[in-house]
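What follows is calculated from the coordinates using simple rules that are stated; it is not laboratory data. These numbers come from a predicted model, not from an experiment. All Cβ positions, even for glycine, are placed from backbone atoms using ideal geometry, and neighbour counts span all protein chains on display.
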Amino acid sequence: MSKVLVTGAAGFVGSHVCDHLVNGGYDVVALDDLSGGFEDNVNPKAKFVNGSINDADLINQLFQEHQFTYVFHLAAYAAEGLSHFIRRFNYTNNLIGSINLINASINAGTVKCFVFTSSIAVYGKNQLPMKEDNTPQPEDPYGISKLAVEQDLKSAHEMFGLNYIIFRPHNVYGERQNIGDPYRNVVGIFMNQIMQGKNLTIFGDGMQTRAFSHIDDVAPVIAKSIEIPEAYNEIFNIGADKPYTVKELATLVCDAFGVQERIDSLEARNEVVHAYSSHDKVHQYFGHMIKNIPLKEGIDRMVEDAKAKGPRQGEKFKNIEVEKNMPPAWRKLV
């Protein structure tokens, strides 16, 4: 039985990938520091380790103990907009932590493939639809850190023969998502606000477009990718094809809860206005696994899960490094 390491395994993406791996017969070690996820998300058949990818000694110890065959690196602090104001934290967690894992994978000599979840944040703006062969032009530290890891994996493959698969998912939502996070994952933010009896908050006019992607169109492909050698050393966009405005999303979430739509418009923030990608390549390799779950269906499923768990009190980010030009709504949280 192949040994697999999954980082970020208590987050909602990582926990779904863990499920598919465990059900596929893999022996899974699930690593997470619980900074954004919950231990009860982790499949009980996986060995859970409470720890950080920033702990190089722990990472090396795990690789020595388990001799991993595959690594799924899904851990990240994926707050793209906030990354401007937590630059050191962003690069430490999203770049240096990744390098700890890449180093350990090279030194172990047992890793057949390193699977990394990057982001369409690497593309920046004005590249629609975003395609894998576009020249990346990231607009924020989060996208910069993701691109740096992609480039390091390419370098590690060329120098040491470490195979990799890179996925660039976008706007993933679904069951088990941490809806209490006030800085990221707008679908969850809207649901939490509704359950707390608050108005929905939208930055700017709400005409920003995103292709919201249900977890069941993402996690199975990521988990199964290691079994398709043709996908090794390739990059794939993954997610929904149809973009929606944030305003349209707000209407769908309110309808799913059966509540009147009440919106507070906030000052626009500095962000890529339109972001959606081409998925021709991922369909070529993995099309038989992709269900194309409609947004309304996915939201209905997530609402059921959110109602069962109830609202969550969001935690303020305690280590803001730069307050200049921070959106006023976020400044109130500091």
- prompt: Projected onto the charge dipole of the chain (+1 at Lys/Arg Cβ, -1 at Asp/Glu Cβ, origin at the Cα centre), which of 141, 109, 61 gives the Cα projection farthest towards the positive end?
  reply: 141
statement: Once the in-chain neighbours fewer than 8 apart are removed, the lysines whose Cα is under 29 Å from residue 324 read 125, 146, 198, 247, 316, 332
- request: Compute the acute angle (0 to 90°) between the alpha-carbon long axis of helix 12-23 and the principal axis of greatest extent of the alpha-carbon atoms of the chain; round to the nearest 10°.
  value: 40
statement: Between the Cα axis of helix 141-160 and the main Cα principal axis of the chain, the angle (0 to 90°, nearest 10) is 10
field: Relative contact order of segment 45-134, defined on C-alpha pairs under 8 angstrom at six or more residues apart (%)
entry: 39
message: From the convex hull of the Cα coordinates of segment 1-82, what is the mean projected area in square nanometres?
response: 5.2
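What is the magnitude of the charge dipole of the chain about its Cα centre, with +1 placed on the Cβ of each Lys and Arg, -1 on the Cβ of each Asp and Glu, and no other charges, expressed in debye to the nearest 20?
500
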message: Along the charge dipole of the chain, pointing to its positive end and built from +1/-1 on Cβ of Lys, Arg, Asp and Glu, which listed residue (285, 52, 223) has its Cα farthest out?
response: 52
message: Less than 21 Å apart at the alpha-carbon level, and either on another chain or at least 8 residues along: which lysines does that give for residue 45?
response: 3, 224
- prompt: Taking springs between alpha-carbon atoms closer than 10 angstrom, which of 76, 56, 30 fluctuates most in the Gaussian network model of the chain?
  reply: 56
- request: Distance between Cα centroids, segment 64-139 to segment 193-236: provide it in whole Å.
  value: 16
message: Between 0 and 90 degrees, rounded to the nearest ten: what's the tilt of helix 56-66 against the longest Cα principal axis of the chain?
response: 60
- line: When the chain is treated as a Gaussian network with springs between alpha carbons less than 10 Å apart, the largest mean-square fluctuation among 284, 193, 177 is found at 284
